[in-house]
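Below is one structure, written out as structure tokens, with a few remarks after it.
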Amino acid sequence: MNNSVKNTGRLLWAGLRALLVLTVVCGVIYPLAVTGVAQTLFHNKANGSEIKSEGKVVGSSLIGQRYDLPLKKGQETAEPDLKWFQPRPSNGLGSNSVNTQYKLILSGATNLSGDNGAINGKCTAKSEEGTLCAQVVAAKAAVIKDNSVGGYTVKLSDVPADAVTSSGSGLDPDISPAYADLQVHRIAELNGLSVTQVDKLVKDHTSSRILGFMGEPRVNVLELNVALKGLVAKS
């Protein structure tokens, strides 16, 4: 009986010691080490890749956000504020009601197939409302209308795919250089800048492929608009 109690006590004490050691190693030392490495070597990424403007955090370089005018009476969908570079579409994904200043878009896909609403394999103005084709056709028309300014006319063939389709998450923070270039004349006219100034701004904020071969060249919309705000203030 005594031996049984002693053995049980030894086992419990061994288990308790293992629990204490593993708690310290896995619950204290390891998290502190990982946090220390992250804060030392990857400080910006570890803190959410924050972007600041005038000393205040205005968003993350990893999460897209919209640039819309305040809703007017009777409106269900806000109109884009055309003074700013516009991101990829995010229609059909809803919006966040918690942080209304940031207007974070809910993450998710529309789950519409590539030929949703197509007629004879093509998207046309006759595509059924609510289908992907109808959204793309409407988006193309809006892009052409909004960006044809001051003698500069956007052609249908000039509209890149990312200007009329959302990403899989709806939170893509980047646009293609082609879509950014398409918006240059509108931005210049509405902000009292020269086309050369805005074009240089886009070029300065165009990132190349990762390691030279992964992904595509891209422009972060939030970073570009922060720079645009600074350029307008100087001008």
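The values are calculated or read from the model by the stated rules, or taken from the named source; none is laboratory data. Since the structure is predicted, the reported quantities are computational estimates derived from the model, not experimental observations. Note that each Cβ is placed from the backbone with ideal geometry, even for glycine, and that neighbours are counted across all protein chains shown.
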Discussion item. Can you pull out every residue in the range 1-59 that is surrounded by fewer than 11 Cβ atoms within 10 Å (Cβ to Cβ), among the β-branched types (Val, Ile, Thr) and outside any helix (DSSP H, G or I)?
Written reply: none
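In this structure, is Val184 without any contact (Cβ under 8 Å) to a residue 60 or more places away in the chain, farther than 28 Å from Ser107 by Cβ and surrounded by 17 or more Cβ atoms within 10 Å (Cβ to Cβ)?
Values: without any contact (Cβ under 8 Å) to a residue 60 or more places away in the chain: yes; farther than 28 Å from Ser107 by Cβ: yes; surrounded by 17 or more Cβ atoms within 10 Å (Cβ to Cβ): yes.
Yes: the conditions hold for Val184.
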Worksheet entry | Count of residues meeting criterion [within 20 Å of the chain's Cα centre (by Cα) and at pLDDT 95 or above] in the range 121-158 | 1
Worksheet item: Residues Gly55, Gly74, Gly48: which one is under 15 Å from the mean Cα position of the chain (by Cα) and without any contact (Cβ under 8 Å) to a residue 60 or more places away in the chain?
Response: Gly48
Item to complete: Report yes if Thr110 is surrounded by 12 or more Cβ atoms within 10 Å (Cβ to Cβ), within 20 Å of Pro160 (Cα to Cα) and either in contact with an Asp or Glu (Cβ under 6 Å, 6 or more places away or on another chain) or modelled with pLDDT under 80 (or both), otherwise no.
Response: yes
